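First the structure, in the form of structure tokens, and then the observations on it.
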């Protein structure tokens with residue numbers, strides 16, 4: 001009877017585990033998509049702030065440019081993509097798209113003071129996601145505008161035509177770093193659910209307190225050579241995944257209330273199974289000892 005109860009509990013735990021896995025996979029995929037959008041929107045906003053800081057002539061356009069004057073640089077939206085066009089230091093035309101992973105648009109707005117009056121040399125811009133409900137509002141003071149100069153064109157628009165005193169740089173490569181380069185090496189992709197969970201564990205738990213941030217810095221400084229060795233060996237990748245299971249379980253239970261519920265149920269089931277097995281083993285052992293005593 002005890003054995004049947006133990007088997008039933010084990011089957012229950014396995015079923016809960018499979019349910020948890022599929023739930024977690026869906027949740028992590030949704031989180032990953034949102035994380036990529038947020039990361040790219042923030043990166044583009046910082047890039048625009050750096051590039052627009054040295055503008056000395058600016059016009060806000062309410063429609064996409066249909067022709068280009070090579071004396072100016074242009075920023076505009078088209079088909080949920082943010083484009084920039086300019087002449088580089090070799091007098092070559094550079095035309096590139098800033099966002100690659102997400103559908104983003106940008107709106108440019110002349111800044112206002114506390115009384116609602118437009119400020120001649122302050123430009124706001126809002127990078128908006130068309131995939132999820134997320135946007136980044138930023139602004140820059142155009143300190144190089146002359147004393148009697150101001151932002152030309154409309155008060156709002158989705159395109160810019162400008163001149164700048166500095167060379168425009170390319171957008172830096174997006175940071176899709178994971179919590180664990182070792183985990184990425186062992187699983188083969190930063191998009192694996194387990195690696196996504198570890199990234200959440202870094203961003204939402206470890207980075208919230210000093211000791212956690214110290215651990216993350218130490219880990220990044222020393223884990224890259226190890227990850228390169230692991231990535232080259234199938235056996236090491238498998239062993240690393242096995243060693244990471246406890247950390248993944250702890251991270252899941254800390255971050256997700258559903259994980260905590262399943263973890264609590266799992267621990268109780270294992271405890272009950274242990275008690276029943278121990279009781280069954282002791283009963284068999286005492287029975288054999290009693291039979292041996294009777295024979296004596």
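The values are calculated or read from the model by the stated rules, or taken from the named source; none is laboratory data. None of the values given here were measured: they were computed from a predicted structure. So basically every Cβ, Gly included, is an ideal-geometry build from the backbone, and we count neighbours across all protein chains shown.
Quick notes on this structure:
Rundown of residues vs (1) part of a helix (DSSP H, G or I); (2) at pLDDT 75 or above; (3) under 15 Å from the mean Cα position of the chain (by Cα), yes/no style:
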site	(1), (2), (3)
162	no, yes, no
182	yes, no, no
190	no, no, yes
211	yes, yes, no
218	yes, yes, no
226	yes, yes, no
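- Exactly one residue out of 123, 98, 48 is crowded, with 20+ Cβ neighbours inside 10 Å and closer than 19 Å to residue 167 by Cβ, and it is 48.
- The one condition in (1) at pLDDT 85 or above; (2) out of contact with any strand residue (DSSP E or B) (no Cβ under 7 Å at 6 or more places or on another chain); (3) assigned by TED's automatic domain parsing to the domain that holds residue 94 that residue 147 fails to fulfil: (1)
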